[in-house]
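Taking it in order: structure first as structure tokens, then the write-up.
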Amino acid sequence: MISGANEPDQWRDVKLWQRVLGDHRVVVTTHDVLLNALRHGYVKLGRDINLLVFDEAHHAADKHPYNLIMREFYHPLPERPAGKDRLAVPSDVEVRPMIIGLTAS
């Protein structure tokens with residue numbers, strides 16, 4: 001679990017991000033920490049993340065971090081291939097990650 005409450009300055013270390021992303025297939029973080037990691041270049045959306053799960057996705061409007069992640073990092077990436085090749089993207093190719101948006105609304 002990665003959050004700003006867990007010593008927020010530690011997540012400003014690119015080597016820590018490399019280690020976390022290299023050692024774990026699933027990373028749970030807050031939207032603010034992810035947005036900051038993307039903005040600082042510690043995480044590359046099209047390379048390091050294959051699936052984004054947004055909880056409380058109905059908040060993704062205006063200047064909410066979910067919306068900023070989509071506008072600044074998701075939409076500029078190339079789309080995934082269609083059909084059966086959608087899941088078979090080579091690891092050296094940057095494409096938009098898949099997204100699941102969850103909401104109780």
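The values are calculated or read from the model by the stated rules, or taken from the named source; none is laboratory data. All of these numbers come straight from a predicted model, not from anything done at the bench. All Cβ positions, glycine included, derive from the backbone under ideal geometry; neighbour counts span all protein chains shown. All accessible areas refer to the heavy atoms of the entire protein, side chains included, with ligands and DNA or RNA removed. Shrake-Rupley method; radii C 1.70, N 1.55, O 1.52, S 1.80 Å.
Any chance segment 31-44 includes a residue that's among the aliphatic types (A, V, I, L, M) and open to solvent by 30 Å² or more (accessible area, probe 1.4 Å)?
no
How do the pairs read when you match residues in segment 54-67 that are open to solvent by 80 Å² or more (accessible area, probe 1.4 Å) with residues anywhere that are among the β-branched types (Val, Ile, Thr), using Cβ under 9 Å and keeping only pairs 6 or more apart or on different chains?
Asp55/Thr103; His58/Thr103; His59/Thr103
Go through segment 80-105 and give me each residue that's of a type in the set (D, E, K, R), part of a loop (DSSP other than H, G, I, E, B) and at pLDDT below 90.
Selection gives Arg80, Asp92, Glu94.
Consider segment 31-57. How many of its residues are out of contact with any helix residue (DSSP H, G or I) (no Cβ under 8 Å at 6 or more places or on another chain), over 17 Å from Pro76 (Cα atoms) and either assigned to a helix (DSSP H, G or I) or modelled with pLDDT under 90 (or both)?
0
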